[in-house]
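The values are calculated or read from the model by the stated rules, or taken from the named source; none is laboratory data. Source: prediction; values computed, not measured. Cβ sites come from the backbone with ideal geometry, for glycine too, and all protein chains shown count toward neighbours. What goes into the accessible areas is simple: the full protein's heavy atoms, side chains included, and nothing from ligands, DNA or RNA. Shrake-Rupley method; radii C 1.70, N 1.55, O 1.52, S 1.80 Å.
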2 protein chains.
Amino acid sequence: MQNNITMRDIASKLGVSSVTVSKALGDKEGVSEELKQKIKELAQEMGYRYNTAARTMKEGFSYNIGVVIADRYASRTQSFYLQFYQFLATTLEEEQYSGILHMLSEEDEEQLVLPRIYHDRKVDGFIILGQLSNAYIEAFANTEIPLVFLDFYTDQTELDYVITDNFYGMYEMTNYLISCGHRDIAFVGNVHSTSSIQDRFLGYYKSLLEHRIPLREEYIMNDRDKKGKFIDIAIPDKLPTAFVCNCDQVAYMLINTLRKQGIQVPEDCSVVGFDNDIYATLAEPGLTTVEVDRKEMAKAAVNKIVNKIRSTATSSGRVLVRGKMIYRQSVKSIL
Amino acid sequence: MQNNITMRDIASKLGVSSVTVSKALGDKEGVSEELKQKIKELAQEMGYRYNTAARTMKEGFSYNIGVVIADRYASRTQSFYLQFYQFLATTLEEEQYSGILHMLSEEDEEQLVLPRIYHDRKVDGFIILGQLSNAYIEAFANTEIPLVFLDFYTDQTELDYVITDNFYGMYEMTNYLISCGHRDIAFVGNVHSTSSIQDRFLGYYKSLLEHRIPLREEYIMNDRDKKGKFIDIAIPDKLPTAFVCNCDQVAYMLINTLRKQGIQVPEDCSVVGFDNDIYATLAEPGLTTVEVDRKEMAKAAVNKIVNKIRSTATSSGRVLVRGKMIYRQSVKSIL
DNA sequence: CTGAAAGCGCTTACAG
DNA sequence: CTGAAAGCGCTTACAG
């Protein structure tokens with residue numbers, strides 16, 4: 001079956017032209033229903049496989065989408081983005097596209113080397129997963145190949161972004177804590193590290209504002225250095241009644257740190273996370289958190305890139321995908 | 001820069017033919033060094049991008065490799081194979097190939113539906129990651145498209161496999177335990193579940209045989225049901241001094257189960273795992289384990305598939321990639 | 001409803 | 001060292 005059957009082969013067997021075969025297999029107009037059936041059956045029988053490359057030559061579209069993930073987002077312990085890619089690959093397939101993963105190395109990012117699949121015209125567009133340097137984004141944007149940024153945004157308004165509604169999610173979470181009677185609520189996260197963390201912080205802050213709870217500087221706790229590497233979390237002298245962590249992993253680490261100091265969660269204080277990743281269930285107790293709806297985000301991103309490829313006239317902007325509150329045992333009502 | 005520059009465009013600007021441009025950019029013979037340089041420079045300047053599809057039409061090769069992972073191997077908590085894919089994607093890129101991930105659904109596996117990228121001739125071959133049903137493998141093998149199985153093997157000798165040396169790794173690990181004075185050593189894992197587990201078990205058994213330690217039935221403990229779903233592990237009445245677990249996750253769960261029964265690791269008994277995945281470091285104490293060298297395995301698999309594509313005459317067989325012992329705190333010497 | 005012709009962008013084999 | 005011709009397998013626009 002290692003075949004090289006072409007439309008012409010099918011055509012000559014049936015005594016018709018390859019144009020007719022093309023129309024039949026493509027379900028186009030201009031072939032009698034009867035002949036169409038016969039052609040399809042014979043194609044099946046002969047083990048015909050469509051040659052995408054020929055269509056690519058004609059149309060100029062490869063029906064492949066490049067997905068770029070920076071190396072640093074896919075370490076041995078971090079698979080959030082790899083799972084994201086899984087959703088993208090599946091969703092792309094449903095749209096008749098294929099996903100090609102490109103892991104971006106630090107050197108390439110620094111030296112503004114675009115992926116080889118770009119130079120080879122192997123893809124019609126790119127979905128870029130997670131934050132990259134501004135210079136790299138600019139280099140990419142200059143190519144004018146269709147681009148969608150996923151789980152990240154900057155202030156460059158002419159670009160397209162699909163992000164989780166970090167702001168609203170953390171706002172909702174903080175509201176929930178307040179409804180449980182908490183008023184001394186700390187935020188754990190480096191607000192200068194990523195735009196996600198920043199927005200989550202602002203959602204937390206909005207909730208405080210609405211409830212007229214003052215923002216206290218000692219309740220904004222750093223969790224990572226400039227390079228994004230986690231650091232030891234310094235617990236404030238006066239223990240808050242609840243900690244809002246910028247992500248589950250940090251919540252997980254915080255709970256362990258607290259335990260070592262003899263502080264029990266949720267008895268002595270409550271802790272919440274964000275993402276609903278593996279750390280949310282590994283933590284003891286399980287974390288109340290906000291689930292990032294990666295499936296919906298993947299759908300939105302695929303939808304957007306496909307539209308951009310098909311029509312040049314697309315309004316750019318941010319798509320916010322709503323997350324989902326997940327209630328577990330890490331919060332205690334203190335009413 | 002949304003360009004459609006072709007070789008012909010470069011050629012006409014320089015007053016040469018597109019054949020010459022093709023030779024120059026492809027570093028082929030038959031163009032003067034001087035002209036070659038000029039062409040390359042102009043190509044760069046004009047933002048020329050090579051059109052892979054045209055080459056594919058000529059050669060019949062897409063320079064894409066499909067990577068198949070069954071849905072069930074990529075759950076929210078399991079990212080072993082996704083990380084594997086990451087290594088594959090990177091290694092493929094080094095070989096001028098691109099990886100296309102295909103998540104295989106249960107329905108498709110059951111109904112023997114081959115990936116769309118197969119029917120579209122989008123890939124030159126497949127790397128299949130993890131175990132699939134025999135029927136599906138057969139359907140795949142019947143197509144005669146080049147195939148390499150990664151991290152799995154069956155008795156079909158005419159196929160190609162790249163696997164970690166499960167047998168030797170567990171043999172080495174059990175030897176280590178015995179050298180630490182252990183003789184009451186249990187094995188945790190369903191030996192009928194996958195070939196990996198079976199081989200790990202046999203490596204354990206070989207070590208026992210060599211040391212004239214009898215294999216005790218009550219020391220072979222089941223960890224999952226027929227469908228591969230984890231079950232509660234029943235601790236034997238007479239506690240062994242060491243548990244050899246078929247993977248880190250099971251070791252992690254075992255340690256938690258033991259702790260709930262008041263049994264401390266490694267004080268009361270030792271526990272070892274296999275894989276060196278996230279559970280090896282999440283466990284307390286950290287697990288002594290065998291690291292699966294996924295990078296080397298990915299290299300071997302890519303190497304093999306590329307060779308198969310380039311030449312039809314390839315000897316099939318198994319490639320065993322040696323794992324690496326990782327020593328942590330979960331083993332106590334009882335000498 | 002059916003098909004001859006042209007063309008997508010490259011490479012190979014051959015001629016000069 | 002350089003290039004004209006043919007061909008890879010399909011689709012589109014047009015003619016019948």
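For the residues A:LEU82, A:LEU101, the requirement of being without any contact (Cβ under 8 Å) to a residue 60 or more places away in the chain, closer than 22 Å to B:LEU104 by Cα, away from DNA strand D (no atom under 16 Å from the Cβ) and in a strand (DSSP E or B) singles out A:LEU101.
Of the residues making up the range A:100-132, those that are facing another protein chain (nearest Cβ under 10 Å) and among the small types (Gly, Ala, Ser) number 1. Among residues that are within 30 Å of B:ASP293 (Cα to Cα) and within 13 Å of DNA strand C (Cβ to nearest atom), B:GLN78 is not included. One residue stands out among those in the range B:30-63 that are small (Gly, Ala, Ser) and part of a helix (DSSP H, G or I): the one that is farthest from DNA strand D (Cβ to nearest atom), which is B:ALA43. Any residue in the range B:280-292 that is out of contact with any helix residue (DSSP H, G or I) (no Cβ under 6 Å at 6 or more places or on another chain) and farther than 21 Å from B:ASN256 by Cα? For the range B:280-292, residues out of contact with any helix residue (DSSP H, G or I) (no Cβ under 6 Å at 6 or more places or on another chain) and farther than 21 Å from B:ASN256 by Cα: present. The test for being open to solvent by 50 Å² or more (accessible area, probe 1.4 Å) and either over 21 Å from A:VAL123 (Cβ atoms) or touching a strand residue (DSSP E or B) at 6+ places or on another chain (Cβ under 7 Å) (or both) holds for B:LYS23. Criterion applied to A:TYR279, A:TYR252 was being at pLDDT 95 or above, over 23 Å from A:GLY66 (Cβ atoms), touching a Phe, Trp or Tyr at 6+ places or on another chain (Cβ under 9 Å) and not small (Gly, Ala, Ser), and the one residue passing it is A:TYR252. Looking at A:THR157, A:THR90, A:THR164, just one residue is open to solvent by less than 30 Å² (accessible area, probe 1.4 Å) and among the β-branched types (Val, Ile, Thr), and that residue is A:THR164.
Which of the residues belonging to the range B:1-43 are farther than 20 Å from B:ALA53 by Cβ and touching a residue at least 24 places away in the same chain (Cβ under 8 Å)? Selection gives B:LYS13, B:LEU14, B:LYS38, B:ILE39, B:LEU42. All but one of (1) under 27 Å from B:ALA53 (Cα atoms); (2) open to solvent by less than 10 Å² (accessible area, probe 1.4 Å) hold for A:LEU112, so report the exception by its number. That leaves (2) as the condition not met.
Yes/no matrix, rows are residues, columns are (1) in contact (Cβ under 8 Å) with a residue 12 or more places away in the chain; (2) in the same structural domain as A:TYR205 (by TED's automatic domain parsing); (3) within 17 Å of A:GLY203 (Cβ to Cβ):
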{"site": "A:ASP232", "(1), (2), (3)": "yes, yes, no"}
{"site": "A:ALA242", "(1), (2), (3)": "yes, yes, yes"}
{"site": "A:LEU254", "(1), (2), (3)": "yes, yes, no"}
{"site": "A:ASN276", "(1), (2), (3)": "yes, yes, yes"}
{"site": "A:SER330", "(1), (2), (3)": "yes, no, no"}
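Within the range B:184-198, identify whether any single residue is within 14 Å of another protein chain (Cβ to nearest Cβ) and more than 21 Å from B:ASN303 (Cα to Cα), and answer yes or no. Looking for residues that are within 14 Å of another protein chain (Cβ to nearest Cβ) and more than 21 Å from B:ASN303 (Cα to Cα), one finds none in the range B:184-198, hence no.
When the range A:259-281 is limited to residues that are among the aliphatic types (A, V, I, L, M) and either more than 14 Å from chain B (Cβ to nearest Cβ) or part of a loop (DSSP other than H, G, I, E, B) (or both), the one that is nearest to A:ARG322 (Cα to Cα) turns out to be A:VAL272. Could you check, for the range B:67-74, whether at least one of its residues is more than 9 Å from chain A (Cβ to nearest Cβ), surrounded by fewer than 18 Cβ atoms within 10 Å (Cβ to Cβ) and acidic (Asp, Glu)? Within the range B:67-74, none of the residues are more than 9 Å from chain A (Cβ to nearest Cβ), surrounded by fewer than 18 Cβ atoms within 10 Å (Cβ to Cβ) and acidic (Asp, Glu).
Filtered by the rule that a residue be open to solvent by 30 Å² or more (accessible area, probe 1.4 Å), closer than 14 Å to A:MET170 by Cβ and among the polar types (S, T, N, Q), the range A:184-228 gives A:THR194, A:GLN198. Please indicate, with yes or no, whether at least one residue in the range B:255-264 is open to solvent by 10 Å² or more (accessible area, probe 1.4 Å), under 32 Å from the mean Cα position of the chain (by Cα) and among the aliphatic types (A, V, I, L, M). No, the range B:255-264 contains no residue that is open to solvent by 10 Å² or more (accessible area, probe 1.4 Å), under 32 Å from the mean Cα position of the chain (by Cα) and among the aliphatic types (A, V, I, L, M). For A:VAL16, the conditions (1) outside any helix (DSSP H, G or I); (2) among the hydrophobic types (A, V, I, L, M, F, W, C); (3) open to solvent by less than 30 Å² (accessible area, probe 1.4 Å) are fulfilled apart from (3). For the range B:290-335, filtered to residues that are in contact with a Leu (Cβ under 9 Å, 6 or more places away or on another chain) and more than 29 Å from B:GLU158 (Cα to Cα), the residue that is surrounded by the most Cβ atoms within 10 Å (Cβ to Cβ) is B:SER330. Against the test of being hydroxyl-bearing (Ser, Thr, Tyr), more than 8 Å from chain A (Cβ to nearest Cβ) and either open to solvent by less than 10 Å² (accessible area, probe 1.4 Å) or in contact with a helix residue (DSSP H, G or I) (Cβ under 8 Å, 6 or more places away or on another chain) (or both), the options B:TYR97, B:TYR85 yield a single qualifying residue, B:TYR97.
Taking the range A:47-71, which residues are more than 16 Å from DNA strand C (Cβ to nearest atom), small (Gly, Ala, Ser) and over 15 Å from B:LYS122 (Cβ atoms)? Selection gives A:GLY47, A:ALA70.
Within the range B:33-46, none of the residues are near DNA strand C (Cβ under 9 Å from one of its atoms), closer than 27 Å to A:ILE145 by Cα and open to solvent by 20 Å² or more (accessible area, probe 1.4 Å).
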